Structure formats: C-alpha cells, structure tokens
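Asker: First, the structure itself, so that you have it in front of you.
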Amino acid sequence: MPEALAFQEKQRELAAHIRDPERNPPPAGIEDRRLAVYRELFFNNLDALLRRTFPVLRAVLGDGGWRALVREFMIRHRAHTPWFLEVPRELVGFLAARAEDPALPFLAELAHYEWAELALSVSPASDDLAAIDPDGDLLSGVPVKSVLAWSLSYRFPVHRISNDFRPTQAPPQPTCLVIHRNPDDETAFLELNPATAALLERIADNPGGASGRELLLALAADLGYADPAALVGHGRSALAELRARGILLGTRRTG
C-alpha cells in the first residue's frame, strides 16, 4: 500500500476508535495511554459544547443517559458543518430522526426548544426600524412583527418539562410559544393561546398589507367566531401586549 494511503487508513482507524472505542480497535502500534488522551478530549469537548445548550435535556436524561446520548451522537451522526455553534442544531436533527422513546417522547421537541434560544441569540438578522412607526395604531395600520421574534409550536409543553414533569402523552392542544430577542440581546419566551398564535402568524405572512382589524376579522371568520367584534376587542389587547414585549415593532409606515 502506498505510504499516503496507509496514513489515511490509520487516520480512519483512529477516528473510528475515538468515536466508538468499544467496537473499533485502535491502530496498531499506538500506546493506549496516548489514545486515552484523545478519547477523553474529543468526548469531553463535545459533551461540554452540548450541555451548555441543553441543560434541561441533560437533567431529564441524568448523567448516564446524557453521556449515552452524546456517545450515540458521536457514533451514528455525520456532521454537515465545521462550526461549533451549529453542532447543537445537528443534535436537534439527530433526535428528530431517531425513533421516539415511549418513556420520553418529548425529547426531540425539548431539544429544539432549548436550541432555539441559542439560535436566536446569535442570529445576525435585524429589523428595518426606518420603515416602522412604533406608535402606529395596530388595528387601523399594518402590524409588523420583529424578525427577532420566532413562533414555535410543539405537541408537548416543552417550557414546563423538568425532572418533576415528564409527560408521556401529548395534550389535546399544541403548545404555542414565541421566543424573542430585545435590543439588549436578551431572549425571552412567551406562551400564546392558539388564537393569538394564529394572529401572529397572519401578521408575519401578510403580503397584501391587511390592517390589524382586517386580520382579526379574517381570523374570526376562519374560527367561526360568533361575535367578531368581541374578537377584535380581545385582539386589541393581545396586539398591545405583543408590542409592549417587542414582538411587534409597530405598524408599517405609509408614504
């Protein structure tokens, strides 16, 4: 075998051993004491990177379960990015593709919920404030949602999951959340009722420039709401709260 190919084969053997030392013997001729340094270094670095993003997931799994997940991720997953900050998203995708654990069916959603905070905190997106009237009337004007406010929907109430609350059955209604980042780069989550979540989605997808009132009346029609005027009244309060939290920035400037 040519020297270059032999070296590449050694590299593949070493990488396979580091990922899964129980099933892959190390390359011949390397002292195990030295190999142990690499085994621990790679695992511990990945473990430290992921545990910072998924503290609740780690707590729910316990130390043994968490280490087993990290090892499984090392063995089975092939990353598509060299960026450290993208590795947590790879774990989210890995859990979403993995068979659901009947005892912990919320794991993939919990991971996504925890990852979203990191993703939003490093997002380079920014709002075009010059095109927005922060004091505009949210009913007569066209409400504008911040690009730093993300709507999320889950089968499980992921924001409540802890060691003391591990649901095995999803509730009848989905959990609707919005995560947002304020001008001080602090992130926060807000739980929404289904109607407010649907309204926020309509605001985000409003190419025709419908007013807040028009969006609420269309929502009332879709929901079969018996008293559309009452829904508009409730919607006024919801819009005001969303603006107070920075989820809505105001209304689209005209002229």
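The values are calculated or read from the model by the stated rules, or taken from the named source; none is laboratory data. This is a predicted model, so every value here is computed, not measured. Virtual Cβ from ideal backbone geometry, glycine too; neighbours counted across all protein chains shown. To get the accessible areas, we keep the full protein, side chains included, count just its heavy atoms, and leave off ligands, DNA and RNA. Shrake-Rupley method; radii C 1.70, N 1.55, O 1.52, S 1.80 Å.
Asker: Considering only residues that are surrounded by 14 or more Cβ atoms within 10 Å (Cβ to Cβ), part of a helix (DSSP H, G or I), at pLDDT 70 or above and out of contact with any Phe, Trp or Tyr (no Cβ under 9 Å at 6 or more places or on another chain), which ones fall in the stretch 1-34?
Answerer: Result: Glu13, single match.
Asker: Give Ala68, Ala103, Ala96 a once-over and let me know the one that is part of a loop (DSSP other than H, G, I, E, B) and either open to solvent by 50 Å² or more (accessible area, probe 1.4 Å) or more than 16 Å from Phe54 (Cα to Cα) (or both).
Answerer: Answer to the check: Ala103.
Asker: Starting from the stretch 106-125, keep only residues that are at positive phi, then list their pairs with residues that are open to solvent by less than 40 Å² (accessible area, probe 1.4 Å) and assigned to a helix (DSSP H, G or I) whose Cβ atoms are within a distance under 9 Å, requiring at least 6 positions of separation or different chains.
Answerer: Filtered contacts from the stretch 106-125: no entries.
Asker: Right, something else. Considering the stretch 141-169 alone, what residues qualify as being of a type in the set (Ser, Thr, Tyr) and either in contact with a Phe, Trp or Tyr (Cβ under 6 Å, 6 or more places away or on another chain) or under 16 Å from Arg202 (Cβ atoms) (or both)?
Answerer: Hits for the stretch 141-169 are Ser146, Ser151, Ser153.
Asker: From the set of residues in the stretch 40-62 that are in contact (Cβ under 8 Å) with a residue 24 or more places away in the chain, touching a Pro at 6+ places or on another chain (Cβ under 9 Å) and in a helix (DSSP H, G or I), which is surrounded by the fewest Cβ atoms within 10 Å (Cβ to Cβ)?
Answerer: Filtering the stretch 40-62 for residues that are in contact (Cβ under 8 Å) with a residue 24 or more places away in the chain, touching a Pro at 6+ places or on another chain (Cβ under 9 Å) and in a helix (DSSP H, G or I), the one surrounded by the fewest Cβ atoms within 10 Å (Cβ to Cβ) comes out as Leu49.
Let's see how each residue does on (1) surrounded by 14 or more Cβ atoms within 10 Å (Cβ to Cβ); (2) under 30 Å from Val60 (Cβ atoms); (3) more than 19 Å from the chain's Cα centre (by Cα):
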residue	(1), (2), (3)
His159	yes, yes, no
Phe165	no, yes, yes
Pro174	yes, yes, no
Leu177	yes, yes, no
Glu186	no, yes, no
Asn193	no, yes, yes
Ala204	yes, no, no
Gly209	no, no, yes
Leu219	yes, no, yes
